[in-house]
1. Between residues in segment 86-115 that are on the phi > 0 side of the Ramachandran plot and residues that are open to solvent by less than 10 Å² (accessible area, probe 1.4 Å), which pairs lie under 7 Å by C-beta distance while being six or more apart or on different chains?
2. Take segment 98-147 and flag every residue that is outside any loop (DSSP other than H, G, I, E, B), surrounded by fewer than 23 Cβ atoms within 10 Å (Cβ to Cβ) and in contact with a His (Cβ under 8 Å, 6 or more places away or on another chain).
3. Applying the selection to segment 148-183, what residues are open to solvent by less than 60 Å² (accessible area, probe 1.4 Å), assigned to a strand (DSSP E or B), modelled with pLDDT under 90 and not small (G, A, S)?
4. Just give me the residues in segment 43-90 being surrounded by 15 or more Cβ atoms within 10 Å (Cβ to Cβ) and assigned to a loop (DSSP other than H, G, I, E, B), in sequence order.
5. Within segment 35-57, work out how many residues are in contact (Cβ under 8 Å) with a residue 60 or more places away in the chain and either within 20 Å of F125 (Cβ to Cβ) or of a type in the set (S, T, N, Q) (or both).
6. Need pairs with beta-carbon distance below 6 Å; first residue over 20 Å from R182 (Cβ atoms) and within segment 120-142, second surrounded by fewer than 21 Cβ atoms within 10 Å (Cβ to Cβ) and of a type in the set (K, R); sequence gap 6+ or separate chains.
7. Using the structure shown, decide if E94 is closer than 16 Å to A160 by Cβ, open to solvent by less than 20 Å² (accessible area, probe 1.4 Å) and touching a helix residue (DSSP H, G or I) at 6+ places or on another chain (Cβ under 9 Å).
Amino acid sequence: MSNRKSSATKPVRRRPAKSAFATEQESFWAGEFGDDYTARNRGAQWVASNLALFAKILDRTRNVHSVLELGANIGLNLRALRQLLPAAQLAAVEINQKAIKELEQIQGTTVHHASILDFQPPQKFDLVFIKGVLIHINPDKLADVYDLMFAASQRYLCVAEYYNPSPVAIPYRGHADRLFKRD
C-alpha cells in the first residue's frame, strides 16, 4: 500500500516495521543512520547544484508533466525540479520517516512512505529517476528496482549513480555492505 499526499488531503503514513524489510540496507536507511543522513545532507547549495544538473537533463526531454523520484530523502532533487517544471506533478518514494516530514512540505508533491522494494506505482510517470540511491541497494535486489523504474515510466528513465566497471562493495561511514559501485 502506498500513501499519497495532495494539497486537499492529509496522508495516512505507512510505517514499515524493521522486521518487514527484505534487506539489511532497508532497515539501515529507515532507522537512525537514515535520520543522521537526513540531518547532514541539506541546504541551498544542494538545490543549486541540482538545478544545474536537472536543467541539462530536461534539455534532452520533451513534454515532462509528471515525475517520480525513488529514494527522495528530503526532496533536494524535487525542489530543483519544482523550479524547472512548476506545473509538473511530482511524486516521491522515501523509506525514512524524518525525511518524509520534510518531503511533505514541497507544494503539490505526492509522497509515498515505502521501501522502493515494496512500492507499487499508482500510475505511469513521464520521468522516473533515481539519484545516489542504487548504490545503496542490495545487489540481489537491483533488478527489482530496474523493473520498478521501467514499470513506472511511460517516457524517460534517469539514473545518476557511482560507476565502477566491475561490482565492488565500499565501506560507507564505517559500515560494510551499504555502498556498492557497479556498471
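The values are calculated or read from the model by the stated rules, or taken from the named source; none is laboratory data. Source: prediction; values computed, not measured. Every residue, glycine as well, gets a Cβ built from its backbone with ideal geometry; the counts of neighbours run over all protein chains shown. Accessible surface is based on the protein model in full, side chains and every heavy atom, while ligands, DNA and RNA are left aside. Shrake-Rupley method; radii C 1.70, N 1.55, O 1.52, S 1.80 Å.
1. As it stands, the answer is G108/L90, since those pairs meet every condition given.
2. D126
3. V168, Y172, F180, K181, R182
4. Result: V64, G71, A72, N73, I74, G75, L85, A88.
5. Within segment 35-57, the first condition is being in contact (Cβ under 8 Å) with a residue 60 or more places away in the chain, and the residues that meet it are 35, 38, 53, 57.
Then drop every residue that is not either within 20 Å of F125 (Cβ to Cβ) or of a type in the set (S, T, N, Q) (or both), which leaves 38, 53, 57.
Count: 3.
6. Close Cβ pairs (under 6 Å, with a partner that is surrounded by fewer than 21 Cβ atoms within 10 Å (Cβ to Cβ) and of a type in the set (K, R)) amount to D126/R155.
7. No; evaluated as a whole, the condition is false for this residue.
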